[in-house]
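S.K.: Below is a structure I'd like to ask you about.
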Amino acid sequence: MSQIILDPRDSAEFIMSQAIDVEINDAGIKKIAETVCEALRSGKISPQRFTETELHPAEANVKAIEWIFLIDTLNFSFWAEGRGNYWEVSYQGKVYSGYFALCAGVNKAIEEGLNLTDPRVFGSLKEEDILRIFCSETSTSIPMVDQRIANLKEASRVLLEKYEGSFVNCVKACGQSAKKLLSQVVLDFPSYRDEGVFEGTHVSFWKRAQILVADIWACFEGKGLGHFSDIDCLTMFPDYR
């Protein structure tokens with residue numbers, strides 16, 4: 001078995017070269033490419049959309065990077081099994097589900113005085129803390145609490161041991177390279193490694209790691225701490241529900 005891990009782009013190419021039960025829909029690729037290009041031209045898709053999006057940081061600064069890292073460390077599995085079993089969070093008079101419920105819970109905790117982006121704080125959270133911070137408006141609690149706690153403890157330990165307690169230092173250490181930051185994240189934070197073996201080859205998706213880099217780039221509109229000279233190394237990634 002090969003010990004080399006293919007990055008997401010090379011993984012996709014290899015998987016499709018070997019796949020039997022699935023194939024690329026070339027017409028569909030062309031159609032979605034045209035749709036994305038038109039959305040870019042019209043401004044419907046734009047880096048500015050990140051800070052304009054409800055619940056996202058309104059300003060691009062170091063606090064925003066720490067917030068993004070915390071969010072993306074927890075950015076998975078929002079939907080319970082079965083129809084209608086949604087986890088929902090109430091914040092500022094509105095009720096949110098899915099990813100935005102996560103953002104709402106974090107923002108509400110910060111507003112209430114909890115310094116939740118500090119690794120010393122989020123690394124010490126217990127089950128009852130998670131259930132309180134992300135308290136549901138329904139009978140369905142936030143899924144996979146144990147895994148979220150494990151992710152937070154891992155992230156806290158690495159940040160404190162290697163990056164002086166700040167993910168900003170990890171970003172700075174990567175010299176404005178999206179590819180280097182992506183590789184560093186999956187190297188340092190195992191919870192970001194969504195990988196597998198296909199036909200004897202180690203392949204990767206690195207979905208949340210790519211989202212993390214892309215979110216920082218979008219928040220800063222490709223400038224300052226969010227400037228990456230090779231941002232086009234990232235791939236598009238699937239969502240799920």
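S.K.: For the chain, what does the helix formula give at 222 nm: sum of -39500 (n - 2.57) over DSSP H segments with n ≥ 4, over the residue count, nearest 500 deg cm²/dmol?
M.R.: -15000 deg cm²/dmol, from helical runs alone.
S.K.: Here is a follow-up. Any idea of Arg157's accessible area? Nearest 10 Å², probe 1.4 Å.
M.R.: Solvent-accessible area, nearest 10 Å²: 120 Å².
S.K.: Show me the trypsin sites (Lys or Arg not before Pro) within segment 97-130 that DSSP assigns to loop and that have at most 14 other Cβ atoms within 10 Å of their Cβ.
M.R.: Lys126
S.K.: May I ask you to give the solvent-accessible area per residue for segment 151-241, in square angstrom, as obtained with a 1.4 angstrom probe?
M.R.: Value for segment 151-241: 48 Å² per residue.
S.K.: Still on this structure: Any idea what the dipole of the chain comes to, in debye rounded to 20, about its Cα centre with Lys/Arg Cβ at +1 and Asp/Glu Cβ at -1?
M.R.: Using Cβ point charges on Lys, Arg, Asp and Glu, the chain gives about 360 debye.
S.K.: What net charge is computed for the residues neighbouring Gly123, neighbours being all others with C-beta under 10 Å from the C-beta of Gly123, Lys and Arg scored +1, Asp and Glu -1?
M.R.: Around Gly123, the charge tally is +1.
S.K.: With a cut-off of 8 Å between alpha carbons and a minimum separation of six or more residues, what is the relative contact order of segment 52-142 in percent?
M.R.: 28 percent
S.K.: 7 Å from Cα along Cα→Cβ at both Asp26 and Val62: what's the point-to-point distance in nm?
M.R.: 5.2 nm
S.K.: Accessible area per residue for segment 23-103 in Å², computed with a 1.4 Å probe and the full protein assembly in place, what is it?
M.R.: Here the per-residue accessible area is 60 Å².
S.K.: With axes computed from alpha carbons, what is the tilt in degrees of helix 178-188 against the longest principal axis of the chain, rounded to the nearest 10 within 0 to 90?
M.R.: Helix 178-188 sits roughly 60 degrees off the main axis of the chain.
S.K.: By how many degrees, between 0 and 90 and to the nearest 10, does the Cα long axis of helix 8-18 differ from the longest principal axis of the chain?
M.R.: Taking Cα atoms only, the helix is inclined about 50 degrees.
S.K.: Separate question: Could you tell me the convex hull volume per residue, in Å³, taken over the Cα atoms of the chain?
M.R.: 156 Å³
S.K.: If you place +1 on the Cβ of every Lys and Arg and -1 on the Cβ of every Asp and Glu, how big does the dipole about the Cα centre of segment 131-241 come out, in debye to the nearest 20?
M.R.: Dipole about the Cα centre, nearest 20: 240 debye.
S.K.: Relative contact order for segment 169-241: what is it in percent, counting Cα pairs under 8 Å that are at least 6 residues apart?
M.R.: 33 percent
S.K.: I would also like to ask the following. Figure the gain on full extension for Arg9 and Glu137 (residue separation times 0.36 nm, minus the Cα-Cα span) and round it to one decimal in nm.
M.R.: Once the chain is fully extended between Arg9 and Glu137, it gains 42.1 nm.
S.K.: According to a simple spin-label model (label point 7 Å from Cα along Cα-to-Cβ), what is the distance in nm between Lys180 and Lys162?
M.R.: It is 1.5 nm.
S.K.: Over the chain, with every protein chain in place, what whole percent of the accessible area is carbon and sulfur at 1.4 Å, could you tell me?
M.R.: Here it works out to 53 percent.
S.K.: Another question, then. Might you work out the accessible area of Asp194 for me, using a 1.4 Å probe with all protein chains in place, and round it to the nearest 10 Å²?
M.R.: 50 Å²
S.K.: A further question on this structure: In degrees from 0 to 90, rounded to the nearest 10, what is the angle of the helix 26-42 Cα long axis to the longest principal axis of the chain?
M.R.: Computed tilt is about 50 degrees.
S.K.: Still on this structure, I have one more. So what's the net charge close to Asp146: Lys and Arg +1, Asp and Glu -1, counting the other residues with Cβ under 15 Å from its Cβ?
M.R.: Around Asp146, the surrounding residues sum to -1.
S.K.: Calculate, for Ser229 and Gln18, the FRET efficiency according to 1/(1 + (r/R0)^6) with r their C-beta to C-beta distance and R0 41 Å; round to the nearest 0.05.
M.R.: That pair, Ser229 with Gln18, gives E of 0.80.
S.K.: So, one more: Spin-label point model (7 Å from Cα, Cβ direction): what's the Asp118 to Arg49 distance in nm?
M.R.: 3.6 nm
S.K.: Within segment 145-173, what residues put their amide N at less than 11 Å from the label point 7 Å along the Cα-to-Cβ vector of Leu187?
M.R.: none
S.K.: Please state, rounded to one decimal and in Å, the Kirkwood hydrodynamic radius that segment 83-122 gives when every pair of distinct Cα atoms enters the mean of 1/r.
M.R.: When all Cα pairs of segment 83-122 are included, the Kirkwood radius is 10.9 Å.
The values are calculated or read from the model by the stated rules, or taken from the named source; none is laboratory data. Treat the numbers as computed from the prediction; the structure is a model and nothing was measured. Cβ coordinates were reconstructed from backbone atoms using ideal geometry, including for glycine residues, and neighbour counts include every protein chain displayed. Accessible surface areas use protein heavy atoms only, side chains included; no ligands, DNA or RNA. Shrake-Rupley method; radii C 1.70, N 1.55, O 1.52, S 1.80 Å.
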